[in-house]
Amino acid sequence: MSEKSEQNRLSVFKTYKLYVGGKFPRSESGRVYEVTDSKGKWLANAPLSSRKDARDAVVAARKAFGGWSGATAYNRGQILYRVAEMLEGRKGQFVHEVADAEGLSKNKAAAVVEAAIDRWVWYAGWTDKIAQVVGGANPVAGPYFNLSTPEPTGVVTVVAPQESSFLGLVSVIAPVIATGNTAVVIASEKAPLPALSLGEVLATSDLPGGVVNILSGKASEMGPHLAAHLDVNAIDLTGADADLARELEIAAADNLKRVLRPRTEDFAGAPGTDRMTAFLETKTVWHPTGSLGASGSSY
């Protein structure tokens with residue numbers, strides 16, 4: 001191709017879409033909104049999700065929950081590691097999007113993206129270990145086994161961080177799905193493009209459709225409906241401001257959802273296990289000991 005033809009070439013602008021049920025729909029409302037960089041330059045039009053889009057995402061998450069929660073913890077770890085592999089292969093794209101979204105230099109954006117990939121790997125390693133940390137055999141005064149094991153809460157709505165468009169996003173999604181939950185994610189309103197691109201990575205990894213569903217738009221519009229939705233079991237309010245967080249917490253209390261309240265966080269720091277345990281329930285089983293035979297020995 002000659003230099004002249006390269007100068008005359010029109011760039012192909014990317015059409016960003018939602019990620020729901022393993023597919024890439026536009027918002028059913030047909031609405032979009034402009035996404036700009038830190039200096040106000042137009043980057044793309046993102047779908048402005050509606051209440052119907054949020055309901056569809058919950059349906060997809062509920063449908064996927066049985067298979068995902070029933071998979072072995074080791075298999076979930078393999079799949080999360082595969083996501084990290086796919087992110088590594090598309091690192092350049094995410095560096096560009098994060099730099100635009102957060103006003104970072106290329107080097108600083110690269111450090112953020114690498115930290116996000118490492119975060120996926122970290123949670124991938126925890127999938128088959130968290131049960132040993134928070135579960136176990138309990139001492140009892142009687143001829144019984146008493147075993148406590150963690151189980152996923154269910155469908156979790158996640159209001160993603162507004163400022164940390166990628167590292168923060170990964171930090172709130174990965175622990176939810178690592179423990180067997182499924183997620184409906186409301187991406188950062190002002191910087192949704194890294195989240196929507198993450199959907200493309202998830203679709204081409206081994207993650208079953210519906211395990212993660214990504215919506216872009218206004219948390220103030222979708223949040224109240226998701227907080228009140230009877231088929232959503234928990235909600236993470238990390239990206240909600242004080243007024244919205246209070247509104248969503250009140251709506252969630254009506255149907256006894258688990259709520260993770262917003263707090264000041266440094267997503268670059270060590271993540272710990274608290275985000276995994278926030279969306280786990282503990283099942284305790286009692287079982288009588290028995291005799292193994294005529295010798296009278298027991299187990």
### Query
Straight-line reach from K14: which lysines have a Cα under 27 Å away, not including same-chain ones fewer than 8 places off?
K4, K23, K39, K41, K52, K91, K106, K108, K190, K218
### Task
Give me the accessible area of H287, 1.4 Å probe, in Å² rounded to the nearest 10.
90
#### Entry: Dipole magnitude of the chain, debye to nearest 20 (Cβ charges: Lys/Arg +1, Asp/Glu -1, about Cα centre)
460
## Note on the structure
Note on the chain: helices (DSSP H) long enough, at least 20 Å by alpha carbon along their axis, and hydrophobic enough, mean Kyte-Doolittle at least -1.0, are 51-70, 73-89, 106-126
### Message
Please compute the per residue accessible area over the chain with all protein chains in place, 1.4 Å probe, rounded to a whole number of Å².
### Response
49
### Radius of gyration and Dmax over the Cα atoms of the chain, both given in Å
21.6, 93
#### Entry: Whole-percent carbon and sulfur share, accessible surface of region 15-288, 1.4 Å
53
#### Entry: Solvent exposure, largest accessible area first (probe 1.4 Å, DNA, RNA and ligands not counted), of F267, F166
F267, F166
### Message
What do you get for trypsin sites (Lys or Arg not before Pro) in region 76-144 restricted to DSSP loop and a cutoff of at most 14 other Cβ within 10 Å of the site's Cβ?
### Response
K129
### Summary
Taking alpha-carbon centroids only, region 59-87 lies from region 185-234 a number of Å equal to 16
### Cα pair distances in region 104-151, grouped into 5 Å bins until the bin that holds the longest one, percent each
5, 17, 13, 12, 11, 9, 8, 7, 6, 4, 3, 2, 1
### Task
Could you calculate, for region 123-273, the ratio of the Cα radius of gyration to the Kirkwood radius, expressed as Rg to Rh?
1.02
### Query
Kirkwood Rh, Cα Rg: Rg to Rh for region 22-102?
1.07
### Selected from G70, S171, T284, residue furthest toward positive end of dipole (the chain; charges at beta carbon)
G70
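The values are calculated or read from the model by the stated rules, or taken from the named source; none is laboratory data. Just so we're clear, the structure is a prediction, and the values are computed from it rather than from any experiment. With ideal geometry, Cβ positions are generated from the backbone for all residues, glycine too; neighbour counts draw on all protein chains shown. Ligands, DNA and RNA are stripped out before the accessible areas are found, and what is left, the full protein with its side chains, is counted by its heavy atoms. Shrake-Rupley method; radii C 1.70, N 1.55, O 1.52, S 1.80 Å.
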